[in-house]
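Have a look at the structure below, then the notes.
The values are calculated or read from the model by the stated rules, or taken from the named source; none is laboratory data. Keep in mind the model is a prediction, meaning the values are calculated, not measured. Using ideal geometry, Cβ is built from the backbone for each residue, glycine included, and neighbour counts are taken over all protein chains shown. Heads up: the accessible areas ignore ligands, DNA and RNA and are worked out on the full protein's heavy atoms, side chains in. Shrake-Rupley method; radii C 1.70, N 1.55, O 1.52, S 1.80 Å.
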Amino acid sequence: MSKKPIILGIESSCDETAASIVTENDQGIPVILSNIVSSQVEVHKKFGGVVPELAARAHLENIEFIIDKALKDSKISLKKIDGI
């Protein structure tokens with residue numbers, strides 16, 4: 001049995017920041033170990049749509065916390081991540 005790769009996926013859309021830890025089972029089927037999403041809906045709500053500068057700032061403020069939480073929830077250390 002070979003080692004299954006462990007991947008950290010990072011996503012940022014216009015109003016969400018997310019991180020997931022994914023691997024695969026023995027049959028090669030993807031398995032999500034954690035999936036953390038931070039929404040900015042409340043930040044942009046009063047403006048009636050996404051404000052790009054506020055969104056960019058929120059991504060910067062949230063990304064480290066989101067990644068750390070994804071790692072913690074999956075019980076995987078950053079050293080064990082094979083790819084990002």
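Report, by residue number, each residue of the stretch 15-30 that is open to solvent by 80 Å² or more (accessible area, probe 1.4 Å) and either among the basic types (Lys, Arg) or assigned to a loop (DSSP other than H, G, I, E, B) (or both).
Asp26, Gln27, Ile29
Hey, among the residues in the stretch 66-84 that are touching a residue at least 60 places away in the same chain (Cβ under 8 Å) and outside any helix (DSSP H, G or I), which one's most open to solvent (accessible area, probe 1.4 Å)?
Only one residue fits best here, namely Ile84.
Given the conditions (1) in a helix (DSSP H, G or I); (2) open to solvent by 100 Å² or more (accessible area, probe 1.4 Å), and given that Ile63 satisfies all but one, which numbered condition is not satisfied?
(2)
Please enumerate the residues belonging to the stretch 9-62 that are under 25 Å from Leu78 (Cα atoms) and out of contact with any strand residue (DSSP E or B) (no Cβ under 6 Å at 6 or more places or on another chain).
Across the stretch 9-62, the qualifying residues are Ser12, Ser13, Asp26, Gln27, Gly28, Ile29, Ala56, Arg57, Ala58, Leu60, Glu61.
Within the stretch 48-60, how many residues turn out to be open to solvent by 40 Å² or more (accessible area, probe 1.4 Å) and touching a helix residue (DSSP H, G or I) at 6+ places or on another chain (Cβ under 8 Å)?
Residues that pass the stated criteria total 3.
Does Lys3 fit the bill of being part of a loop (DSSP other than H, G, I, E, B), open to solvent by 80 Å² or more (accessible area, probe 1.4 Å) and of a type outside the set (Gly, Ala, Ser)?
Criteria met by Lys3.
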